[in-house]
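Visitor: Before I ask anything, here is the structure I am working with.
Each reported figure results from applying straightforward, stated rules to the coordinates on display, with no laboratory input. Computed from a predicted model, the values in this text were never measured in an experiment. Here the Cβ positions follow ideal geometry from the backbone for every residue, glycine too, while neighbour counts run over all protein chains shown.
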Amino acid sequence: MANLTPRLRKLALTAHVTSSVGWLGAVVVFLALAVVAVTSDDPETVRGAYLVMEPSAWLVLVPLAFATLLTGVIVSLGTPWGLVRHYWVLAKLLISAFSTVVLLMYMGTFRAMADVAADPGADVAAVRSLSPILHAGAALVVLLAAVVLSVHKPRGTTRYARRRSVQRRPVP
Amino acid sequence: MDSPPPYRNTGDGSGPPRWVKVCGVAALVVVALLVVLLLAGGGGHSPGRHAGAQVVPYGVLAATLPRW
């Protein structure tokens, strides 16, 4: 992919930073919601928390995850950084892809928890679950790791990049 | 990423830098642990696995966490 023009690069980078930091912020909100659901004394608050998780995840977490993945690929392919030339870019790609897959797998769990919460016959103790806290906490850790990689850009080029570099070196 | 250097060589060209090796091993350990946990739990990451799961008794949490 050819390098983006400076204007397009800034646009793509702005979209990538916005979506990825937005994803991180949304995960923090989900973590807070999950803590409230486990600690609240009010049964309606507990049920409401689990009921609101699934639609919120479809409307916020999933779009932000895909936006992060897509804009990240565009920014890396449209700049000399490349997608698989530097280890830190590759690591971020793997983090984003892995997190998106786990999120999509977890949507079924959101649905199951909402079903239990919507059942008036279910005891509030059966509605409570620590699973969202564990998953949101883990998501927070890996997404923060991606932020750290973006800021520090640790050195290291892949074997593919070194091979390309040698191939492009002019013959004396 | 706004003004990237095209390449920063690792130096001796002998392989990935140490941070990649350390993070890679840590990631493999975490993934292996998760696979073991999933297999020990009967396999799969089904929705019912988490619904209503009580890792810590609620009474223990309720005694220590703030009220909402």
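Visitor: About its Cα centre, what dipole magnitude does chain A give when the only charges are +1 on Lys and Arg Cβ and -1 on Asp and Glu Cβ, stated in debye to the nearest 20?
Guide: In debye, rounded to 20, chain A gives about 2040.
Visitor: Springs between alpha-carbon pairs under 10 angstrom, Gaussian network model over chain A: which of A:GLY121, A:GLY156, A:GLY137 fluctuates most?
Guide: For chain A, modelled as a Gaussian network with Cα springs under 10 Å, the answer is A:GLY121.
Visitor: If R0 is 45 Å, what FRET efficiency do you get for A:ARG111 and A:ASN3 from their C-beta distance, rounded to 0.05?
Guide: E(calc), rounded to 0.05, equals 0.55.
Visitor: Same structure, new question: For A:HIS86, enumerate residues with amide H under 5 Å from its amide H, sequence gap 5+ or separate chain, H modeled in the peptide plane.
Guide: A:THR158
Visitor: Among all the lysines, which ones have a C-alpha under 22 Å from B:LYS21's C-alpha, if same-chain residues fewer than 8 places away are not counted?
Guide: A:LYS92, A:LYS153
Visitor: Give the average, rounded to an integer, of partner chain Cβ atoms located within 10 angstrom of each Cβ in A:87-94.
Guide: 2
Visitor: Still on this structure: Based on the alpha carbons, how large is the Rg to Rh ratio for chain A when Rh follows Kirkwood?
Guide: My calculation of the ratio gives 1.13.
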